[in-house]
Amino acid sequence: MLVQSDRRTPVVLVSGFSGPAMTGVEHVAVALSDEPGTVMVHHDLAELREGVVRRTLRVDGEATTTVLELAHGCVSCTLRADLLPLLCTLAVRESVRRIVLALDPAVEAEALCHALEHVDVVGVADRVDGPAARNVRVEATLTCVDGAQWLADATGDEALADRGLAAADDERTVAQVAVGQVDFADALVVLTAGADALDRERLGAVLSRLVPEAPVAWTDDLAALDRAAISSLLHRIPAHARRGRAFGAHAPLLRGQPPLDTECGVTLLEFAASRPFHPERLHEALDVLFDGVVTARGRIWLATQPDEVVWLESAGGGLRVGGAGRWLAAMDEAELAAADPERRALAALRWDERFGDRDVSLVILAHDADPAEIRHALHWALVEDDELRLVERAPDRVAEWSDPFGDWHEDPCADPVQAPTGATERTDPRGEIQ
């Protein structure tokens, strides 16, 4: 059988957060762009709030900077109006064999990869309108990490806008971006200057559990990390790495084979339950995820929302709760026929005759918290036996329970904020909806 090769232009995404990490991004991107046929692209969004973006192209060792003025100063507009069309334009040039994107801290690699696949690019000469993924493919995502600062960023609750890295209406947190950059990475460069031995050991324990299959280059001297070393790092990326692919809410939560023991106080724990959470008790128990926890993610079964899969994802002091579709047990025949076959097969292995595939499945990465206390708080939030009987026999009565995760999320620490069911929302340690 003849297999046709992928002729799309490969793209390497290089991301990082904070000063030293961004120095690493520039170093890695420039080093890779020294290879003949490689073009480096960087959008500087420091003046984005004024509608100004500075775009730098580096070709054959020569850098050219262009000032762009956008009608609306936002990351999305930058991607749609310039970066995606530029990638398509570069990809059709025979002289361009690879594109390296040095990402601004405000641009998340995962969001960009989603845009490559789903945002139509129109009006580019010599190509049919459609997503940029028709012309380019993600070869790898590499993240530079400041070994002395990353863990503090990843476990805080500071808003991205407070660092001057985003517009005032950008609700993302520093932790969300810092954790997301690493979680989405195929390979890492960790800059250890300024980090003591204990910092490095603890950071290593976190990274080995967050991205266990990503090769890591540890260095305290960027100058020693030349093009050959960076290329070698990229070649060590496993063939099955995500390379820009997004994982769905029903994909396995444990990726690769992360260590499940405790190291330097860092623990990766699983929490699973075959009964739902009581929504009000869960709302109270979630405080346990705000202190000493790097990240948590997983699927939740709420007693008051028996048909809907609820997705929970935290980073540092910020939490997102949103909809992730319907449980298979709540689907009709047409919906089941369209469901992912792998999801159906996995659900069949644990199918319950009363509740079907409904369950609770969470993975929590703690660095300075007692796993026993986390488990105790979450177990306390589950429905008790008498409540479980109501879930099974009187769902109408259960639907009348107060539900902070429903159409309205009311919190005593904040003014009521309207949040449609299934919408994404983020709660900080004080309970405020941002």
Q.
Over the chain, with the other protein chains present, what is the accessible area per residue in square angstrom, probe 1.4 angstrom?
A. 47
Q: At a 1.4 Å probe radius, which order do Trp351, Trp301, Trp218 fall into by accessible area, largest first?
A: Trp351, Trp218, Trp301
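Per the Kirkwood definition applied to all pairs of different Cα atoms, how many angstroms is the hydrodynamic radius of segment 100-167? Intermediate results must be reported in sequence, preceding the final value.
Details: mean 1/r = 0.0679 Å⁻¹.
Over segment 100-167, the inverse of the mean reciprocal pair distance is 14.7 Å.
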Q. With springs only between Cα atoms under 10 Å, which of Phe355, Phe277, Phe17 fluctuates most in a Gaussian network model of the chain?
A. Phe355
Q) For all pairs of alpha-carbon atoms in segment 123-246, what percent lies in each bin of width 10 Å, listed from the first bin to the last filled one? A) 12, 34, 32, 18, 4, 0
Q.
If you average the alpha carbon positions of segment 163-182 and of segment 186-230, how far apart do those two centres end up, in angstrom?
A. 22
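With all protein chains present, how much of the accessible area of the chain (probe radius 1.4 Å) comes from carbon and sulfur, to the nearest whole percent? Write out the running numbers ahead of the final one.
On the way: 9870 of 20570 Å².
That fraction is 48 percent.
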Q. Most fluctuating residue of Gly51, Gly147, Gly156 in a GNM of the chain with Cα springs under 10 Å: which is it?
A. Gly51
Q) Rounded to the nearest 0.05, what FRET efficiency do Leu198 and Thr23 have when you use their Cβ-Cβ distance and R0 = 22 Å? A) 0.40
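Which net charge results when you count Lys and Arg as +1 and Asp and Glu as -1 among the other residues whose beta-carbon is under 12 Å from that of Thr66? Before the final figure, lay out the partial values.
Working: positive: Arg54, Arg55; negative: Asp44, Glu69, Asp82.
Result for the local shell: -1.
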Q: Quick one: work out the % antiparallel among DSSP beta bridges in the chain, nearest 5.
A: 65
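Return the inverse of the average 1/r over all pairs of distinct C-alpha atoms in segment 264-361, which is the Kirkwood hydrodynamic radius, in Å to one decimal.
On the way: mean 1/r = 0.0678 Å⁻¹.
With all distinct Cα pairs of segment 264-361 included, I get 14.7 Å.
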Q. Rg to Rh for segment 1-134: what is it, with Cα atoms only and Rh by Kirkwood?
A. 0.96
**Q.** Local electrostatic count at Ala31 - Lys and Arg +1, Asp and Glu -1, tallied over other residues with Cβ under 10 Å
**A.** -3
Q.
So if I restrict to the alpha-carbon atoms in the chain, what is the Rg, and what is Dmax, the biggest pairwise distance, in Å?
A. 22.9, 71
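The values are calculated or read from the model by the stated rules, or taken from the named source; none is laboratory data. Just so it is clear, the model here is predicted, and its values are computed rather than measured. Neighbour counts are summed over all protein chains in view; Cβ atoms, including those assigned to glycine, are modelled from backbone coordinates with ideal geometry. Calculation scope for accessible area: heavy atoms of the full protein, side chains included, ligands and nucleic acids excluded. Shrake-Rupley method; radii C 1.70, N 1.55, O 1.52, S 1.80 Å.
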